[in-house]
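What follows is one structure encoded as structure tokens, with my remarks underneath.
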Amino acid sequence: MKERVPLISVKNICKSFGTVKACNNINLEIYEGEIHTLLGENGAGKSTLINILSGVYMADRGSITLMGEEIKLSSPKDSIKYGIGTIYQHFKLVDAMTARENIILGQKISFRKMRDVDLKIAELCSKYGIELELDKHVEDMSVGEKQNLEILKVLFRGAKVLILDEPTTVFTPQETEKLFNIMRKMKKAGCAVIFISHKMDEVMKISDRITVLRKGETVKTLIKNETNPKELTELMVGAAIDLSIKKVDAKIGRQILKISNLKVNDDDGTNVIKDISFSVREGEILGIAGIAGSGQRELCEAIAGVRGVKHGEIVFDGEHLEGKNPREFIKRGISLGFIPEDRLGMGLIGTMDMVDNLLLKSYQTEDGILINRKPLAKKALELVKKLDIKTPGINYPIKNLSGGNIQKILLGRELGLKPRLLIMAYPVRGLDITRVILFTI
Ligand SMILES: Nc1ncnc2c1ncn2[C@@H]1O[C@H](COP(=O)(O)OP(=O)(O)O)[C@@H](O)[C@H]1O
Ligand SMILES: [Mg+2]
């Protein structure tokens, strides 16, 4: 049998940023008709590799071949020319333009040829099962529609390899399923898909093969059907990991929070929490499920005192919270922790350093004119050590840190206060598996 030539072959690719070796001898082979997942913890080098494949970064060393021929990718244009189409984590569409205008942007197409463009788009849509309204403006589109447009844009330019960097982060399960159907159709048509994700269930569902990256190195390439989440996790982390969660036997105590007939509006004044009642007892974890945008954000914010309540009651340990703000909570000793969805904005202040961010939730009174930063500086240093927060220093503006490190500061502060009630929205977002396990202990 003739040996199959990989569509793309990446050999010993290296790329450093200063002293950080983002990619250190990466090797990868992508074949036609496969969905190949890149799996790795935050900082493993996945996005850097993708940026090299799409011509955004130049590799320091190593080579890339396409069907056995070495190619040089010096710009995104080169990469598109070779049929590599990348969908980035942050879409690169022009909001004020329609779908059609975005697709043809930057291409010389005469007015007479516009009909052909529409025909070609229609053909691609039916071939890959993509739904899109060509005259819709990007600003009116949902994230799912925007992604469809990005995919169509690269297919229009003739992509044979589709690279998707963490495409499902903000997706509903339905949107994810639609994307997977498009990926399956691409695979059937003989294209290759490089999929980046750290959601294990998705990786197990859609991949044909999986390459694990760790600290800029390729650890192993595995066939999906011959591996399992435990093996993959251990390869990602580089150590044996116990993924089982031991639930502690907590004694269920008295009722600590009672919500009655709550009504809350969103930022546009639309009533999103319509009439919600529930209660939570001591020793209990109450899960709130729902696709993004179902009102969970507004519910959390209302309980945490950062969003007004239109109607109803929020009673915490006998005390009414509605109408009170977080400052009053602190003054009254209401012990409530909050890990919001948007860590910068609601939770932390990006331009401030760690110490000042700890101060925001400090129980020191403001009566004295001098606020003592010393104990908080000590606490900040403890957190840096305990949670392995990567920062140049505790007096460094936190907005310059990576999302995972900012999340650690937020979690460290809120958990450190040992609140009686803790409200958490996506608390482990951006954290490594090892860190998540540490937090659950
Ligand atoms: N433009 C850059 N400048 C400096 N360091 C970077 C840059 N891009 C990535 N890095 C560093 O390279 C490493 C790998 O990052 P990245 O490729 O984004 O990882 P992943 O996508 O797997 O989370 C990280 O330590 C990151 O901080
Ligand atoms: Mg990345």
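No lab work stands behind these numbers, since they all come straight from the coordinates. This structure is a prediction, so every number in the text was calculated from the model and none was measured. Don't worry about glycine lacking a Cβ; one is built from the backbone with ideal geometry, like all the others, and counts go over all protein chains shown.
According to the Cα gyration tensor, what semi-axes, each the square root of 5 times an eigenvalue, does the equivalent ellipsoid of the range 8-237 have, listed from largest to smallest in whole Å?
Details: eigenvalues 176, 83, 51 Å².
Computed over the range 8-237, the values are 30, 20, 16 Å.
Just want the answer: with Cβ charges of +1 for Lys and Arg and -1 for Asp and Glu, which residue in MET424, LEU7, SER294 is farthest toward the dipole's positive end in the chain?
LEU7
What length, rounded to one decimal in nm, is gained on full extension from ARG4 through to LYS331, with 0.36 nm per residue of separation minus their alpha-carbon distance? List each step's numbers first, then the result.
On the way: separation 327, 0.36 × 327 = 117.72 nm, distance 6.98 nm.
Net length gain for the segment: 110.7 nm.
Can you give me the relative contact order of the range 32-167 as a percent, contacts being Cα pairs under 8 Å and 6 or more apart? Intermediate results must be reported in sequence, preceding the final value.
On the way: 148 pairs, mean separation 42.8, N = 136.
Relative contact order, the range 32-167: 31 percent.
Calculated from DSSP H runs of 4 or more alone, at -39500 (n - 2.57) each and per residue, what is the 222 nm mean residue ellipticity of the chain, nearest 500? It would help to have the intermediate numbers written out before the result.
Working: 14 runs with 137 residues, N = 441.
It comes out at -9000 deg cm²/dmol, rounded to the nearest 500.
Any idea what Rg and Dmax come out to for the range 1-93 if you just take the C-alpha atoms, in Å?
13.4, 46
Based on alpha-carbon centroids, what's the gap between the range 70-126 and the range 245-296 in Å, whole number please?
Cα centroid to Cα centroid, the span is 44 Å.
Over the Cα atoms of the range 47-93, compute the convex hull volume and normalise it per residue, giving Å³. It would help to have the intermediate numbers written out before the result.
Working: hull volume 3.6 nm³, N = 47.
So the per-residue Cα hull volume is 77 Å³.
Based only on Cα atoms, what mean projected area does the convex hull of the range 229-290 have, in nm²? Could you put the intermediate results ahead of the total?
On the way: hull surface 30.5 nm².
So the mean shadow area of the Cα hull is 7.6 nm².
Going out from 0 in 10 Å bins, what whole percent of all Cα-Cα distances in the range 180-289 drops into each bin?
10, 25, 18, 21, 23, 3, 0
Between the range 143-193 and the range 330-351, how many Å separate their Cα centres?
36 Å
Can you tell me the alpha carbon radius of gyration of the range 331-410 divided by the globular rule-of-thumb value 2.2 N^0.38 Å?
On the way: Rg = 12.7 Å, N = 80, 2.2 N^0.38 = 11.6 Å.
So the Cα radius of gyration is 1.09 times the expected 2.2 N^0.38 Å.
Could you check the simple spin-label distance between ALA189 and SER402, using points 7 Å along Cα→Cβ, in nm with one decimal?
Result: 3.4 nm between the two label points.
In the structure displayed, which of LYS113/LYS160; LYS11/LYS205; LYS390/LYS418; LYS11/LYS399; LYS108/LYS160 lie more than 26 Å apart, Cα to Cα? Show your work: numbers first, answer last.
Numbers: LYS113/LYS160 24 Å; LYS11/LYS205 28 Å; LYS390/LYS418 24 Å; LYS11/LYS399 36 Å; LYS108/LYS160 21 Å.
With Cα atoms farther than 26 Å apart: LYS11/LYS205; LYS11/LYS399.
How big is D, in µm² s⁻¹, for the chain by Stokes-Einstein at 37 °C and 0.692 mPa s if Rh is the Kirkwood radius over C-alpha pairs?
On the way: Rh = 24.7 Å.
This corresponds to a translational diffusion coefficient of 133 µm²/s.
Note down the relative contact order for the chain as a percent, whole number, built from C-alpha pairs under 8 angstrom at least six residues apart. Write out the running numbers ahead of the final one.
On the way: 745 pairs, mean separation 59.6, N = 441.
Once divided by the residue count of the chain, the mean separation gives 14 percent.
When the Kirkwood radius is taken over all Cα pairs of the range 273-428, what Stokes-Einstein diffusion coefficient follows at 4 °C and 1.567 mPa s, in µm²/s? Each step should come with its number before you reach the end.
Details: Rh = 16.7 Å.
Translational D for this selection: 78 µm²/s.
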